[in-house]
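Worksheet: the structure to be examined is printed underneath.
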Amino acid sequence: SAAASSALRRTTSTNQQPQERRLRFLSSVDPSSIKSALSNLDAGSTLIISIDLKGTDETALATRAMKNWLIQSLGSSKRPDLIVSKHMMLVTGSEQLRKSYNKPENVFLIPEHSRCEAFTTFTAATLLPLSIIFGWSIVDKLIAGAHDIDIHFVETNPRHNLPVLLALTDFWNEALLGSFGRIITPFTGAFGSYPTFVAALEAQACGRVADKGLKPSTSTSADRTSCSGMVIDGGLCGTYDRALYQGGQIIPSELVMTMDTQPSCDSQQTVGTNGLEELVMNQDTVMCSFFAHADALAFGTEGAPVGSTPLNSSPRNMEKFWGPTGRMSLEAADVAEGNRPSALVLCGKLDAFACGQLIALAEHRAVVKAHLWDIDPFVRVVGSSLREKRTESLKGELHEMYDRIAITGNADMEEDEHEKTATNVNYSTSTILAHYATIAKSR
C-alpha cells in the first residue's frame, strides 16, 4: 500500500487528487513512530483504517493507541462508541475480529483465498485507503494494469512470459552463479518505494527453505538448497554504483525506469514553459544515465582486464592512484571489471496503469520463483515464529527484572547466578536488557 500510494501520489496530477487528503502508515508500536504518524493531524477529520489479517498483538496495540488518541482528542463532546464508529474502519481476515466490531458496515473481511500477507495489494487492505485518497477512477486504472499482467502471465508462452523469464533469471543467478538476492535501483522518484515493496513480498513468499528439500543440480560452490529471498534497495538513480562496479561481492542488479514521465499541465503551471523544456532535458539525462549504469555493469571500463579493480581501502595500493604531481588519479581509481548481471525493467508511461503492472509483475514473479525452489508462496504466517517465541521469552525475563528492581533496587544478575537459573537468555542479552529495565523503570 505504501509503494502504491507513493507512486500514485507522484503520477497523478493535482486536479485528479482530492484536496488535502493525506495517507500515513503506522506499522510499529514504537512511540516515535506513533508520534510521527499523528503529528499535525486533526482528529475530527482523520479516518483510521486498521489492517489486521489474523489478530496480532502488535497490530492490536497500534489500533488501541490510535483509538485512545481519537477518544482523548474528541471525547469531551462525543461518546467514545460514536467516535470509533465514525473515525475507524477495520480490514481483517479474522472472523472473530469481525464479529467483535461494533459497526459491521465499517468492517471489510478479506476472502479466505486472499488471506496471505504477501498478496494483499489487490484486496481491501490496499484498495480501501487508496480509493479514499485518490478516488476510485484512479484505483480502477491500477487494477486494470494488474489485470493486464494477469492475462499476459496466463496466456503468453513461457519463452515470452515476463514473470517467468524474470523468475528464471533470478533462479539462474542464485542457484548456478551463487548470488544472494538482487539489488533494485529505481531511476524515477515515483518508484522510490518499489524496492521496499518487492523486498517484503519476496521475503514472505520465497525467503525460506524449500518445502521438499530441493537441491539445484550444480557442482559449483553455489550449492544452494534454498532461495535467498533477499532484495536490497539500491537507492535512487544508481546511488551505489561504485560498490556495484568494484565491490568484491557480485550482486545482480535490476534497474526500473519509465520511458515517458508525462510532464503535466501542473508542471507547466509550476515552472513555466521554459522550465518544462528543462524538465524534459533532465529526463533525457536520467534516461542516458539509466543505460550508462547498465553498460558499466555489463561491459565495465574499456580495456580493464578482469582483476584490475583497485583495492581503495588498502594503503599498500594507494600509490597506484597518485600521479607525478601528488594528486589522486581518478581514472586509475574509477574502473569496473564488468560482467555483472543486470536486468532492465522499462515501463511505457508513468501512470496508475503502469503501477498496477509493476505490482502484478512482482507478484507473479515471486510465485514462479517460489515454485522453482519448491516453496509454497501462499503461507499465512508473517515472518518467523522463532522471533515471536523468543520475544515472549524475553518479555517474561524483562518482567522478572522489573520485579527484582522493585524488591532489591537492582535488575542485574551475577554471571554465576545466571548460570544456575533455568533461563534460556544468554548473559550478554540479559545484561543489556537489565540496563534497559533500569532506565525504563526510572522513567
Subset of segment 200-247 (residues that are assigned to a loop (DSSP other than H, G, I, E, B), open to solvent by less than 50 Å² (accessible area, probe 1.4 Å) and modelled with pLDDT of 65 or more): Cys206, Gly207, Ala210, Cys227, Ser228, Gly229, Gly234, Gly235, Gly238, Gly247
Qualifying residue in segment 260-277 (condition: touching a strand residue (DSSP E or B) at 6+ places or on another chain (Cβ under 9 Å), open to solvent by 30 Å² or more (accessible area, probe 1.4 Å), modelled with pLDDT of 85 or more and closer than 30 Å to Ala167 by Cβ): no
Counted residues, segment 50-84 - those being touching a residue at least 40 places away in the same chain (Cβ under 8 Å) and crowded, with 17+ Cβ neighbours inside 10 Å: 5
Neighbours by Cβ (under 7 Å, 6+ apart or cross-chain): first from segment 284-299, aliphatic (A, V, I, L, M); second surrounded by fewer than 16 Cβ atoms within 10 Å (Cβ to Cβ): Ala294/Leu344
Residues located in segment 339-363, provided they are closer than 20 Å to Pro252 by Cβ and either assigned to a loop (DSSP other than H, G, I, E, B) or open to solvent by 40 Å² or more (accessible area, probe 1.4 Å) (or both): Asn339, Arg340, Pro341, Ser342, Leu344, Leu346
Selection from segment 85-121 of residues that are of a type in the set (Phe, Trp, Tyr) and either surrounded by fewer than 16 Cβ atoms within 10 Å (Cβ to Cβ) or out of contact with any Asp or Glu (no Cβ under 8 Å at 6 or more places or on another chain) (or both): Tyr101, Phe108
Thr196, sole failed condition from (1) open to solvent by 40 Å² or more (accessible area, probe 1.4 Å); (2) under 16 Å from Leu346 (Cβ atoms); (3) among the hydroxyl-bearing types (Ser, Thr, Tyr): (2)
Tally, over segment 183-193, of residues that are assigned to a loop (DSSP other than H, G, I, E, B) and either closer than 16 Å to Ala370 by Cβ or open to solvent by less than 10 Å² (accessible area, probe 1.4 Å) (or both): 1
Residues of segment 124-175 that turn out to be at pLDDT 90 or above, acidic (Asp, Glu) and within 21 Å of the chain's Cα centre (by Cα), as a count: 1
Index of the failed condition, Ala124 passing every other in (1) in contact with a Phe, Trp or Tyr (Cβ under 7 Å, 6 or more places away or on another chain); (2) surrounded by fewer than 20 Cβ atoms within 10 Å (Cβ to Cβ); (3) among the hydrophobic types (A, V, I, L, M, F, W, C): (2)
Check on Phe171, among the aromatic types (Phe, Trp, Tyr) and part of a helix (DSSP H, G or I): yes
Residue satisfying all of: in segment 407-423; open to solvent by 80 Å² or more (accessible area, probe 1.4 Å) and either assigned to a loop (DSSP other than H, G, I, E, B) or modelled with pLDDT of 80 or more (or both); nearest to Ala437 (Cα to Cα) among these: Asp412
Total residues in segment 73-124, condition closer than 27 Å to Leu142 by Cβ and not aliphatic (A, V, I, L, M): 20
Candidates Phe153, Phe171, Phe180, filtered to the one that is buried (at least 16 other Cβ atoms within 10 Å of the Cβ) and touching a Leu at 6+ places or on another chain (Cβ under 6 Å): Phe171
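The values are calculated or read from the model by the stated rules, or taken from the named source; none is laboratory data. Note that the structure is a prediction, hence the values are computed from the model and not measured. Ideal geometry is used to build each Cβ from the backbone, glycine not excepted, and the neighbour counts take in all protein chains shown. When the accessible area is computed, the model is the full protein with side chains, heavy atoms only, and any ligands, DNA or RNA have been set aside. Shrake-Rupley method; radii C 1.70, N 1.55, O 1.52, S 1.80 Å.
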